[in-house]
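The values are calculated or read from the model by the stated rules, or taken from the named source; none is laboratory data. Every value quoted in this text rests on a predicted model; they were computed, and no experiment measured them. Neighbour counts are summed over all protein chains in view; Cβ atoms, including those assigned to glycine, are modelled from backbone coordinates with ideal geometry.
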């Protein structure tokens, strides 16, 4: 669900203080992006939103969530919005965020 090697790599690259800011910004922006997902988005808007979410998720190691966004982005890029499980994407983000928050301190202290 979480690529902890990527999380550690990012923290080491930017330092602990900047990492905390990146995490806060990520959770806010991606949470807002997930909230914007809905059946009212056309294929182009959905593709763009899922592309943003995928990239953000990869940066912070949310691997399962990123994979779901990538699959949805591909489908929307083909002009289709049917078959994209927005509930699964939203649930994956919530579960990933919970796992991330629950394990972050212990994982980075190791």
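Count, please, the residues in region 60-73 that happen to be part of a helix (DSSP H, G or I) and in contact (Cβ under 8 Å) with a residue 24 or more places away in the chain.
Number of matching residues: 6.
Is it true that residue 35 is on the phi < 0 side of the Ramachandran plot, in a helix (DSSP H, G or I), at pLDDT 95 or above and under 11 Å from the mean Cα position of the chain (by Cα)?
no
I'm checking my understanding of the structure. Among residues of region 22-41 that are touching a helix residue (DSSP H, G or I) at 6+ places or on another chain (Cβ under 8 Å) and without any contact (Cβ under 8 Å) to a residue 24 or more places away in the chain, which one is nearest to residue 94 (Cα to Cα)?
Among residues in region 22-41 that are touching a helix residue (DSSP H, G or I) at 6+ places or on another chain (Cβ under 8 Å) and without any contact (Cβ under 8 Å) to a residue 24 or more places away in the chain, the one nearest to residue 94 (Cα to Cα) is 33.
Could you say whether any residue in region 42-59 is touching a residue at least 60 places away in the same chain (Cβ under 8 Å) and under 19 Å from residue 94 (Cβ atoms)?
The answer is no, given that none of the residues of region 42-59 is touching a residue at least 60 places away in the same chain (Cβ under 8 Å) and under 19 Å from residue 94 (Cβ atoms).
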